[in-house]
Amino acid sequence: MKLEEIVEYCLSYPASYEDHPFGEGWTAIRHKGNKKIFALIFEKDDHLCVNLKCDPDRSDFLRNAFKEVKPGYHMSKEHWNTIILDGDLPEDDLHDIVKHSFDLTRPKRKVKK
């Protein structure tokens, strides 16, 4: 997957936007409502990577199931994974992991009284 493809896919989620808070070479995809990052895209060791938030139990499963899924680079190793995008991880699995990160970081809905 190329940089443009992962950015385009992440921006397909509602109320998301692209940001560059860490300078050139780092692309953050955030929620408009709370400004939380749900995808952080960068290059490391000549590989395109994306950091995605993940439930800790699911993180362990994904890291054991796919060699492309590593503990989060420069993030909480418990709650974030780094996905190497030029490996063999099936695109459907990547999309599922992105959706999971999006859902974990989305703005909380206000309860009507």
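The values are calculated or read from the model by the stated rules, or taken from the named source; none is laboratory data. All values reported here derive from a predicted model rather than from experimental measurement. Quick reminder, even Gly has a Cβ in these numbers, built from the backbone with ideal geometry, and neighbours come from all protein chains shown. In case anyone asks, the SASA skips ligands and DNA or RNA and just uses the protein heavy atoms, side chains included. Shrake-Rupley method; radii C 1.70, N 1.55, O 1.52, S 1.80 Å.
Only a single item in (1) within 22 Å of Asp57 (Cβ to Cβ); (2) open to solvent by 40 Å² or more (accessible area, probe 1.4 Å); (3) modelled with pLDDT under 95 is not met by Arg109, and it is number (1).
For the stretch 70-78, indicate whether the set of residues that are in a strand (DSSP E or B) and open to solvent by 70 Å² or more (accessible area, probe 1.4 Å) is non-empty.
Start the filter on the stretch 70-78 by keeping residues that are in a strand (DSSP E or B), which leaves 70-71.
Applying the additional criterion that residues be open to solvent by 70 Å² or more (accessible area, probe 1.4 Å) yields 70.
Yes, the stretch 70-78 contains at least one residue that is in a strand (DSSP E or B) and open to solvent by 70 Å² or more (accessible area, probe 1.4 Å).
Would you mind stating whether Tyr73 is on the phi < 0 side of the Ramachandran plot, under 12 Å from the mean Cα position of the chain (by Cα) and of a type in the set (Ser, Thr, Tyr)? For Tyr73, the condition - on the phi < 0 side of the Ramachandran plot, under 12 Å from the mean Cα position of the chain (by Cα) and of a type in the set (Ser, Thr, Tyr) - is met. In the stretch 29-49, the residues that are closer than 10 Å to Ser101 by Cβ and open to solvent by 30 Å² or more (accessible area, probe 1.4 Å) form no Cβ pair under 6 Å with any partner that is hydroxyl-bearing (Ser, Thr, Tyr) and assigned to a strand (DSSP E or B), whether six or more places apart or across chains.
Filter the stretch 52-86 for residues that are in contact (Cβ under 8 Å) with a residue 40 or more places away in the chain and over 16 Å from Ile29 (Cβ atoms) and give the result. Break it down into steps so the answer makes sense when it comes.
Keep residues of the stretch 52-86 that are in contact (Cβ under 8 Å) with a residue 40 or more places away in the chain, which gives 52-55, 58, 85-86.
Those that are in contact (Cβ under 8 Å) with a residue 40 or more places away in the chain and over 16 Å from Ile29 (Cβ atoms): Asp55, Arg58, Asp86.
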